[in-house]
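Take a look at the structure set out below.
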Amino acid sequence: MKFFSKFVLLCNLCFIVTVVMHFVELHDKVKGKSDVAVPLQFVEGTMAVLGLISIMVNAVFCLIALGLMAAKKIKQIPLWIVVFNFIALLAEIYWYFISK
């Protein structure tokens, strides 16, 4: 569960980077600049893919974490990671389902 929690944290950070890249690209299109936020396309693609799958792996993590909290066995994962992932899940739900 420690590895999975860190992988989900990484996916959530990629989601945040993807959202920032989205706003940078929108800002640059208004100015008439290039439509690429990061000059390295493979980095931008990797961040985008991890950002897109973050909602799925984060939902699975949150369900498992809720189950472990109910069983009082979540002591192996730092609390700040669990809290950050729950907040990120709310942000992802808003971004993907409510704001569009």
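The values are calculated or read from the model by the stated rules, or taken from the named source; none is laboratory data. Computed from a prediction, not measured in an experiment: that's the story for all the values here. No Cβ is skipped: glycine too gets one built from the backbone with ideal geometry, and neighbour counts run over all protein chains shown.
Remarks
- If only residues of segment 73-100 that are over 22 Å from Lys6 (Cβ atoms) and loosely packed, with under 11 Cβ neighbours inside 10 Å are counted, the one that is nearest to the chain's Cα centre (by Cα) is Phe97.
- Test for Val30: is it in a helix (DSSP H, G or I), at pLDDT below 90 and not polar (S, T, N, Q): yes
- The set of residues in segment 67-100 being farther than 16 Å from Val57 by Cβ and assigned to a loop (DSSP other than H, G, I, E, B) consists of Lys72, Lys73, Pro78, Ser99, Lys100.
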